[in-house]
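The values are calculated or read from the model by the stated rules, or taken from the named source; none is laboratory data. The shown structure was predicted, so the numbers you read here are calculated from the model rather than taken from an experiment. With ideal geometry, Cβ positions are generated from the backbone for all residues, glycine too; neighbour counts draw on all protein chains shown. SASA here: full protein model, heavy atoms, side chains in, ligands and nucleic acids out. Shrake-Rupley method; radii C 1.70, N 1.55, O 1.52, S 1.80 Å.
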Amino acid sequence: MPNRLLLLEDDRLFGETLVDFLEGEGYEVVHFLSARPAIDEVYENDGFDLYLLDVNVPDLNGFDLLKQLRESGDSTPAIYITSARDKEALAKGFHSGADDYMKKPIDLDELLLRIEAQLRRRQQGEKTKVGEYLFDMQRLVLYKGGEPVQIPKKLAELLSLLLRNRGEVVGTEEILHELYGDESPGTGVLRVYINKLKQLFGKESIRNIRGVGYCFDA
């Protein structure tokens, strides 16, 4: 069966161009001109493999639409296609849960490559069991009993790093650099996050190797 894509684009002509191109590449595309029918379709029927979302559309902007879906536990890959060009819009797009972001005008061949890359990642996506929890390594979402558990983004990033190195010691400096780059707030913040993970998974879940780093054993 072909991959099924949801396209949210209020420019009818541009949307039809995308539909014709993607259907020519073997995809099934469902095109919506406004947000409410799109999100209703997702909730009622699901079954989409990827979302292509404009931002400035009727009813509800694309940022808020995707944020709602992510908060409901939907991890379907999403690519924004928008005329917004400022860094603030870019950051808002990724913070709302986007996997990729393209600025109009777009190159259709590049769009195709980005879609293929996201679908490959989804197929290779990994969910890791941690006690009574399940952690989506791709979307950085923690689940308990099938329901998403709200945790800070940095805490999810720390958990992902420790799980990728499960059973091995990860150095404190490596962790801080991974989480904050050159803007490290220091080890105090890291200790707070480690304690929060211990509250979730148990005191014995993480070993502190004094002066070296941390090891996730759960």
Within the stretch 63-77, can you find the residues that are over 19 Å from R114 (Cα atoms) and open to solvent by less than 10 Å² (accessible area, probe 1.4 Å)?
L65, L69
Among the residues of the stretch 83-103, write down those that are open to solvent by 70 Å² or more (accessible area, probe 1.4 Å) and among the hydrophobic types (A, V, I, L, M, F, W, C).
F94
Given the criterion under 18 Å from D107 (Cα atoms) and either in contact with a Gly (Cβ under 9 Å, 6 or more places away or on another chain) or of a type in the set (D, E) (or both), identify the matching residue among E28, E71, E23, E44.
E23
Exactly one of Y80, Y27 is in contact with a Pro (Cβ under 9 Å, 6 or more places away or on another chain), at pLDDT 90 or above and open to solvent by less than 60 Å² (accessible area, probe 1.4 Å), and that one is Y27
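Tally time: how many residues in the stretch 196-212 are at positive phi, open to solvent by less than 40 Å² (accessible area, probe 1.4 Å) and free of Cβ contacts under 8 Å to residues at least 60 places away in the same chain? Spell out how you get there, then give the answer.
First, pick out the residues of the stretch 196-212 that are at positive phi: 202, 211.
Checking the rest, the ones that are also open to solvent by less than 40 Å² (accessible area, probe 1.4 Å) come to 202.
Cutting the leftovers down to free of Cβ contacts under 8 Å to residues at least 60 places away in the same chain gives us none.
Qualifying residue count, the stretch 196-212: 0.
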Out of L53, L6, L33, L60, report the one residue that is in contact with a Leu (Cβ under 6 Å, 6 or more places away or on another chain) and surrounded by 14 or more Cβ atoms within 10 Å (Cβ to Cβ).
L53
Positions within the stretch 49-63 being free of Cβ contacts under 8 Å to residues at least 60 places away in the same chain and closer than 19 Å to L140 by Cα, in sequence order
Y51, F63
Expected output for the stretch 172-194 (first residue open to solvent by 50 Å² or more (accessible area, probe 1.4 Å), partner among the hydrophobic types (A, V, I, L, M, F, W, C), Cβ below 6 Å, 6+ apart or cross-chain) is E178/L161; S184/L176
Condition check for I106: buried (at least 18 other Cβ atoms within 10 Å of the Cβ) and of a type in the set (V, I, T):
no
Here are R164, R120: which of them is open to solvent by 50 Å² or more (accessible area, probe 1.4 Å) and closer than 30 Å to Y27 by Cβ?
R120
Identify, from the list D20, D46, the residue that is modelled with pLDDT of 95 or more and open to solvent by 50 Å² or more (accessible area, probe 1.4 Å).
D20
